[in-house]
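Everything on this sheet refers to the single structure shown next.
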Amino acid sequence: MRRRRSLPGRQTGVAIITAMLIVALVAVMTYSLAFESQMDARRAQSLLLRDQAVQVALGAESWIAAILAEDLANSDTDHLGEIWASELPGLPIDGGTVSGEITDLQGRFNVNNLVNGDGEIDELYLEQFRRLLTTLEIDPRFAGLTADWIDPDQEASFPDGGEDGIYTALTPPYRPANQALANASELAALEGMDNDSFRRLEPHITALPGRTPVNVNTATFAVLASLGENLSPSDVERLMEEREAGGFADIQATFSTLVGDELLAELSESTGYFQLKVVVQIATVRITFFSILQRTQQGDVVPILRSLSTA
Ligand SMILES: [Ca+2]
Ligand SMILES: [Ca+2]
């Protein structure tokens, strides 16, 4: 009797445990399926938001292009008191914000000026770049290294140059561009360039197609200081004050005593290249969009380089 009773009892116990296991297994499977599909949904949603953010950035780019075109129609010079130069404050958009700023890239030193159309190093700009580096307390020998990095030949310039030989001997080995740069950040790869020096240099340099004059109305403090051998920090401060109200009135008159004749002839008070930076935040998605805009004399504004980061 006891055995008879105990058998079905044990079987019931086993059945209950099996049933519980199945329920648990199903629960686990359901949970993991739900988790996966939730993850998929979240992934799809953030891709969707990212697309939306890029569309907002492109919209901002067209809007800024229109502002730059209008600026050219209304003024012959470009200075920091103009509408384009004011920071775009965080504007609300559906589910987030957009903010941005425009930088006049001709307020920086164009590293492609170091090499002329014949592929030869331009001493005028090489000297200016040396002075820029010195002002920023960076080793001026990077000027020669940069010129050799860009020039097409394999002859190391004297005394600070360096061609393929020094880079192919590094671990890992690499080679200089030996052509005009599309991005000034390449200079981070110069032999001996450290992070700290590069960070200090970066806001004052650019890589624009061809050779471009410096716009003295928007030039950074260090770029202004690099224009002449004898420019003191107080000269540069005075220049920055002088240009505050709508740019310099007469650049030839202002700079003729401060800058050598050759470089004086190359100075400008207007700009053809601007960098737009747009930050878009929608819910948890944030993108930073960069665009280099070329503005032609005819008033066309065209993006020539775009980049996107999700940081
Ligand atoms: Ca203007
Ligand atoms: Ca070279």
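If you count only protein heavy atoms with a 1.4 Å probe, what accessible area per residue comes out for the chain, rounded to a whole Å²?
On a per-residue basis, 56 Å².
Give me the compactness ratio for the chain, meaning the Cα radius of gyration over 2.2 N^0.38 Å.
Compared with the compact-globule rule of thumb, the chain sits at 1.54.
Test of the criteria: in region 128-236, which GluC sites (Glu not before Pro) are in a DSSP loop and have at most 16 other Cβ atoms within 10 angstrom of their Cβ?
Values: sites: 137, 155, 163, 186, 191, 229; in loops: 137, 155, 163, 191, 229.
Counting only loop positions with at most 16 other Cβ atoms within 10 Å, the GluC sites (Glu not before Pro) in region 128-236 are 137, 155, 191, 229.
How much net charge surrounds residue 271 when only other residues with a Cβ under 12 Å from its Cβ are counted (Lys, Arg +1; Asp, Glu -1)?
-4
Using +1 on the beta carbon of Lys and Arg, -1 on that of Asp and Glu, and nothing else charged, what's the dipole of region 155-237 about the Cα centre, debye to 20?
Once rounded to the nearest 20, the dipole reads 280 debye.
If you roll a 1.4 angstrom probe over the protein chains with everything in place, what fraction of the accessible area of region 186-311 belongs to carbon and sulfur, to the nearest %?
Exposed carbon and sulfur together represent 47 percent of the surface.
Show log10 I(q)/I(0) for region 118-203 at q = 0.20, 0.21 Å⁻¹, two decimals, from a solvent-free Debye sum over equal Cα scatterers.
-0.93, -1.03
Among the DSSP beta bridges whose two residues both lie in the chain, what percent are antiparallel, rounded to the nearest 5?
Numbers: 32 of 35 bridges.
Here the antiparallel bridges make up roughly 90 percent for the chain.
For region 62-175, what size does the Cα cloud have along each of its three principal axes, sorted from largest down, in whole Å?
54, 37, 29
Assign unit charges at the C-beta atoms only (+1 for Lys and Arg, -1 for Asp and Glu), then state the dipole size of the chain relative to its Cα centre in Debye, rounded to the nearest 20.
The calculated dipole for the chain is roughly 4180 debye.
Just grab the label-to-label distance for residue 48 and residue 253, each label 7 Å out from Cα along the Cβ direction, in nm (one decimal).
6.2 nm
Using a 1.4 angstrom probe on heavy atoms only, work out the carbon and sulfur share of the accessible area of region 31-134 in %.
Here it works out to 56 percent.
Using a Gaussian network model on the chain with a 10 Å cutoff between Cα atoms, which of 15, 253, 219 fluctuates the most?
15
The values are calculated or read from the model by the stated rules, or taken from the named source; none is laboratory data. The model shown is predicted, which means the values in this text are computed figures rather than measured ones. Neighbour counts are summed over all protein chains in view; Cβ atoms, including those assigned to glycine, are modelled from backbone coordinates with ideal geometry. Remember, those area values only see protein heavy atoms, side chains included, never the ligands or the DNA or RNA. Shrake-Rupley method; radii C 1.70, N 1.55, O 1.52, S 1.80 Å.
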